Amino acid sequence: MRLTATINAYGSRAFRWSEELSLPKKLALAVGFAALLALAAQVRVPLPWTPVPVTGQTFVVLLAGVLLGRNWGGFSVGLYAAAGAVGAPVFAGLAGGLAVLTGPTGGYIAGFVVAAMFVGYAVRAFTVLRGIVGLAVLMLAANFVIIHGMGLLYLGYLTGAALPELLWMGTIPFIVGDVTKALAAAVVASALLPRDS
């Protein structure tokens, strides 16, 4: 009971802190998360049968939504995508340029922005989602419905692959890793969010 109260008190402070920051500090935090996302992109495991690599990005994307909220979380991830679009080597494998955004991983990167905004909105609007179970469901939904949904739609548009082949290229190989990252993000987020405000 005491541990739960301590965690909730810490979560309340962290939540209020991120909400009450001045504009320059929020901007600095957004830039920091964009840089962290660029670093996570370099945690990269290429798979021979798909143009989509395994990366550490979804963990950072989901936490950006939790800590920064809908607008600043989306801005932070969008800033990462914009930096890559103009040529900064922030994408997986130190790649940059519009070719990455229009290539096989472009839909996933767009999904990152929407997922961060969705998570940021949901944890502030619905207190029931701030417990570990609610967060796990939220993170898994953001990962598989939004990120994979948008990624698969665009990958299918580019390749013309049938659904079974598309799933083997863009989702099935990533299930274990993405579940692990989503659950890890839920555990971290549960310590940063108040349960009742």
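So, in region 73-99, of the ones that are buried (at least 22 other Cβ atoms within 10 Å of the Cβ) and not aliphatic (A, V, I, L, M), which residue ends up nearest to Ala35 (Cα to Cα)?
From region 73-99, those buried (at least 22 other Cβ atoms within 10 Å of the Cβ) are 73-77, 80, 84, 90-92; that's our starting set.
Of the ones still in play, those that are also not aliphatic (A, V, I, L, M) are 73-76, 80, 84, 91.
Working: Gly73: 13, Gly74: 14, Phe75: 13, Ser76: 9, Tyr80: 7, Gly84: 11, Phe91: 11 Å.
My answer is Tyr80.
Across region 45-67, what is the total count of residues that are closer than 19 Å to Leu183 by Cα and not hydroxyl-bearing (Ser, Thr, Tyr)?
Total meeting the criteria: 12.
Looking at region 41-85, which of its residues are without any contact (Cβ under 8 Å) to a residue 24 or more places away in the chain and either part of a helix (DSSP H, G or I) or within 11 Å of Ala115 (Cα to Cα) (or both)?
Selection gives Ala82, Ala85.
From the list Leu3, Leu47, Leu36, pick out the single residue that is closer than 21 Å to Ala191 by Cα, modelled with pLDDT of 75 or more and either charged (D, E, K, R) or surrounded by fewer than 22 Cβ atoms within 10 Å (Cβ to Cβ) (or both).
Leu36
For region 41-65, name all the residues that are in contact with a Gly (Cβ under 7 Å, 6 or more places away or on another chain) and farther than 18 Å from Gly107 by Cα.
Residues satisfying the conditions are Val43, Ala64, Gly65.
The values are calculated or read from the model by the stated rules, or taken from the named source; none is laboratory data. Since the structure is predicted, the reported quantities are computational estimates derived from the model, not experimental observations. As a convention, Cβ positions derive from the backbone with ideal geometry for all residues, glycine included, and neighbour counts pool all protein chains shown.
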